Amino acid sequence: MSPLMEERPRLSLPLTAAGYAAANEAFRRCWSADREEVLSFLQAHPPTSGTENLRVLGIGVGDGSFDLRIIDTLRTLRGGVPISYVAVEPNEAQLAGFRSRVSGAQEQGTQFTFLALQAEDYVPDGRFDLIHYIHSLYHMPGAEERLVRMSLEHLRPGGKLLISLSSERGGIYQLMQRFWNEIDYSFFTRGLFGQESLRELFERNGIAYQYELYPQVSIDVSACFEPDSAQGRHLLDFLLQADMQRAPEPLRQRVLEALAELSRVVEGRRLLPHPSGVFTVSG
């Protein structure tokens, strides 16, 4: 192969722990989210185990802001039942945020265990009433099926596995795929894992599940087109899962052109469609 025909090396633009935390925060501010829908789904499909105490395992919990809402929902369902909450999160910057949320207002009747671990390295110490992956299974490439199996094996009878994921036809995936051969995504060893892959996993293994899909979910990417917007810079990092602030300017401009093509303007805001869904399996 001649030098002119050789593939160019892909750019390595990994985010630091702090950089990912900032990118994730920008994303959360701009995402129309499915949080209320996930909580409603949990209320409609609660664990029936744990009548005297609830053991909960959150994997890939981020800064814990949504986990505290899950705890509130479980309290509504179960009243004063004590809760033991194990939080697994490899990003120490985000896990520190979770710790500070809890120390600032200790959750009455809830005992927390914080583990700065990759999901793949975590070994459960017993069984749980609820195990959840809230928009986190994407970040465990190649281990998804093993983690689902592990989770089901560690549910109490009547416990629930709860997973929320975006669609593989969503805007983030489409944007990443356009630059798959230019940005080093080798950490996504088997491509992008979304709700379609999860359903295929369940069906291939004969696992019965219930689900709801939310096609209306979107991301307001308007700030990405504002040159002086820090939020826009961090959001672009999240959309590409890469430190785009270190990317060559021509690449950044092509990313913005692709983002403009994939998004649509609605009432003066530029929205990137990113449908999501929530799934549950009973123990």
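The values are calculated or read from the model by the stated rules, or taken from the named source; none is laboratory data. Just so you know, these numbers come straight off a predicted model, no measurement behind them. When we count neighbours, we look across all protein chains shown, and the Cβ atoms used for this are built from the backbone with ideal geometry, even at glycine. Heads up: the accessible areas ignore ligands, DNA and RNA and are worked out on the full protein's heavy atoms, side chains in. Shrake-Rupley method; radii C 1.70, N 1.55, O 1.52, S 1.80 Å.
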Practice task
Determine if the range 52-60 includes at least one residue that is in a strand (DSSP E or B), modelled with pLDDT of 95 or more and open to solvent by 20 Å² or more (accessible area, probe 1.4 Å).
Solution key: yes
Exercise for the section: Go through the range 108-124 and give me each residue that's in contact with a strand residue (DSSP E or B) (Cβ under 8 Å, 6 or more places away or on another chain) and either open to solvent by 30 Å² or more (accessible area, probe 1.4 Å) or free of Cβ contacts under 8 Å to residues at least 24 places away in the same chain (or both). Expected result: Gly109, Gln111, Phe112, Thr113, Phe114, Leu115, Leu117
Practice task
Quick one: in the range 131-160, of everything that is of a type in the set (A, V, I, L, M) and modelled with pLDDT of 95 or more, which residue is surrounded by the most Cβ atoms within 10 Å (Cβ to Cβ)?
Solution key: Ile131
Exercise for the section: Would you please name the residue that is nearest to Pro47 (Cα to Cα), looking only at residues in the range 98-125 that are in contact with a helix residue (DSSP H, G or I) (Cβ under 7 Å, 6 or more places away or on another chain) and small (Gly, Ala, Ser)? Expected result: Ala119
Handout entry: Contacts under 9 angstrom Cβ, first residue in the range 19-32 being acidic (Asp, Glu), partner surrounded by fewer than 21 Cβ atoms within 10 Å (Cβ to Cβ) and assigned to a strand (DSSP E or B), 6 or more apart
Key = none
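Listed here are the residues, each with its yes/no results for (1) surrounded by 18 or more Cβ atoms within 10 Å (Cβ to Cβ); (2) out of contact with any strand residue (DSSP E or B) (no Cβ under 8 Å at 6 or more places or on another chain); (3) acidic (Asp, Glu).
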site: Glu200; (1), (2), (3): no, yes, yes
site: Glu203; (1), (2), (3): no, yes, yes
site: Ile207; (1), (2), (3): no, no, no
site: Val221; (1), (2), (3): yes, no, no
site: Phe225; (1), (2), (3): no, no, no
site: Ala230; (1), (2), (3): no, yes, no
site: Arg233; (1), (2), (3): yes, yes, no
site: Asp237; (1), (2), (3): yes, yes, yes
Fill in the blank from the handout: Note on Arg101: of the conditions (1) of a type in the set (Lys, Arg); (2) in contact with a strand residue (DSSP E or B) (Cβ under 9 Å, 6 or more places away or on another chain); (3) farther than 25 Å from Pro215 by Cβ; (4) open to solvent by 50 Å² or more (accessible area, probe 1.4 Å), unmet is (2)
Handout entry: Candidate set from the range 44-66 (those that are free of Cβ contacts under 8 Å to residues at least 60 places away in the same chain and out of contact with any helix residue (DSSP H, G or I) (no Cβ under 6 Å at 6 or more places or on another chain)); member that is farthest from His154 (Cα to Cα)
Key = Ser65
Problem - Residue list for the range 67-81, restricted to those being out of contact with any helix residue (DSSP H, G or I) (no Cβ under 7 Å at 6 or more places or on another chain), assigned to a helix (DSSP H, G or I) and open to solvent by 20 Å² or more (accessible area, probe 1.4 Å) - result: Asp72, Arg75, Thr76, Arg78
Practice task
Say whether the condition of being in contact (Cβ under 8 Å) with a residue 60 or more places away in the chain, at negative phi and hydrophobic (A, V, I, L, M, F, W, C) is met by at least one residue in the range 71-92.
Solution key: no
Handout entry: Those strands (runs of 3 or more DSSP E) lying entirely in the range 171-283 with at least 3 residues free of Cβ contacts under 8 Å to residues at least 40 places away in the same chain and more than 30 Å from Leu147 (Cα to Cα)
Key = 264-266
Completion exercise
Of the residues in the range 126-152, those that are part of a loop (DSSP other than H, G, I, E, B) and within 18 Å of Pro90 (Cα to Cα) come to His135, Ser136, Met140, Pro141, Gly142, Ala143
Exercise for the section: Kindly list the number of the only condition in (1) out of contact with any Gly (no Cβ under 7 Å at 6 or more places or on another chain); (2) surrounded by 14 or more Cβ atoms within 10 Å (Cβ to Cβ); (3) in a helix (DSSP H, G or I) that fails for Ile163. Expected result: (3)
Exercise for the section: Test Leu213 against the criterion of being within 18 Å of Trp31 (Cβ to Cβ), among the aliphatic types (A, V, I, L, M) and open to solvent by less than 10 Å² (accessible area, probe 1.4 Å), and give yes or no. Expected result: no
Problem - Qualifying residues in the range 180-194 (those that are open to solvent by 10 Å² or more (accessible area, probe 1.4 Å) and of a type in the set (Phe, Trp, Tyr)) - the one farthest from Gly58 (Cα to Cα) - result: Trp180
